[in-house]
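Take a look at the structure set out below.
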Amino acid sequence: MNTPFAAALFAGGRSRRFGSDKALHHVGGIPLWQHQLKRIEPLMPVEILISCNPDQSFAHGHRVVTDEQPDSGPLGALVSCLHATKIARLLVLAVDLPEMPMNFLGELVYADCGVVPVHGSGMPEPLAAVYPVEILPIAEQQLSAGKLAMRELVNLGIRDGLLQPRAIADNELGFFSNLNEAPRAESDA
């Protein structure tokens, strides 16, 4: 039987290249943050956290977590969400990964450990991963030192046996396509 897990939707990015709040961008007629929640909810996490900026507002019945240390990127969001939950494992999903299928996330969760997808080149995809609470001291050290790169945290987690790498197959590469720029209107194409 799998151990319980919490889930966190990381929706608090600055969206500088996008030009407006990505989380509010509509996909299939609904805001991206709600689109992503529909991928998480059927996995039945014990709780769902929405990591966001203080100026964002999400009314969906899930707990909202703002970064304890502002402007600290995904690492700060991870630390804040791990502090906010009492559950031993946390599934993380970035709001800007709209092609991420629910069954891939389910595979990560049901691995029953900390797991992060990794490209053949060794490059991790840390924003669709499962983190164990045991990684919190390392993440806090990285945050305190101003080392905000999630890749470095992942490498330390793998080194210490807290995270298992999960190879990304060629046919899964599209799952990790993120929205960094607002789609152009058809008349602009």
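Can you spot a residue in segment 50-66 that is touching a His at 6+ places or on another chain (Cβ under 7 Å) and surrounded by 21 or more Cβ atoms within 10 Å (Cβ to Cβ)? Yes, segment 50-66 has at least one match. Scanning segment 126-144 for residues that are in contact (Cβ under 8 Å) with a residue 24 or more places away in the chain and open to solvent by 40 Å² or more (accessible area, probe 1.4 Å) gives Leu127, Val133, Glu134, Glu140. Is there a residue in segment 107-116 that is farther than 23 Å from Pro45 by Cα and under 17 Å from the mean Cα position of the chain (by Cα)? So far as segment 107-116 goes, no, none of its residues is farther than 23 Å from Pro45 by Cα and under 17 Å from the mean Cα position of the chain (by Cα). The set of residues from segment 67-94 being of a type in the set (A, V, I, L, M, F, W, C) and open to solvent by 10 Å² or more (accessible area, probe 1.4 Å) comprises Ala84, Ile87, Ala88. When Leu173, Leu75 are checked against the criterion of being in contact with a helix residue (DSSP H, G or I) (Cβ under 6 Å, 6 or more places away or on another chain) and either in a helix (DSSP H, G or I) or more than 20 Å from Ala11 (Cβ to Cβ) (or both), a single residue qualifies: Leu75. Within segment 99-111, residues that are modelled with pLDDT of 95 or more and part of a helix (DSSP H, G or I) reach no partner that is of a type in the set (Ser, Thr, Tyr) and surrounded by 15 or more Cβ atoms within 10 Å (Cβ to Cβ) with beta carbons closer than 9 Å at six or more positions or on different chains.
Give me the pairs, please: first residue somewhere in segment 146-164 and closer than 18 Å to Ala111 by Cα, second residue anywhere and modelled with pLDDT under 95, beta-carbon distance under 6 Å, and either six or more positions apart or on two chains. Partner pairs satisfying both residue conditions: Gln164/Cys113.
The values are calculated or read from the model by the stated rules, or taken from the named source; none is laboratory data. Predicted, not measured: the structure shown is a model, and the values here were computed from it. Ideal geometry is used to build each Cβ from the backbone, glycine not excepted, and the neighbour counts take in all protein chains shown. For accessibility, only protein heavy atoms count, side chains too; no ligands or nucleic acids. Shrake-Rupley method; radii C 1.70, N 1.55, O 1.52, S 1.80 Å.
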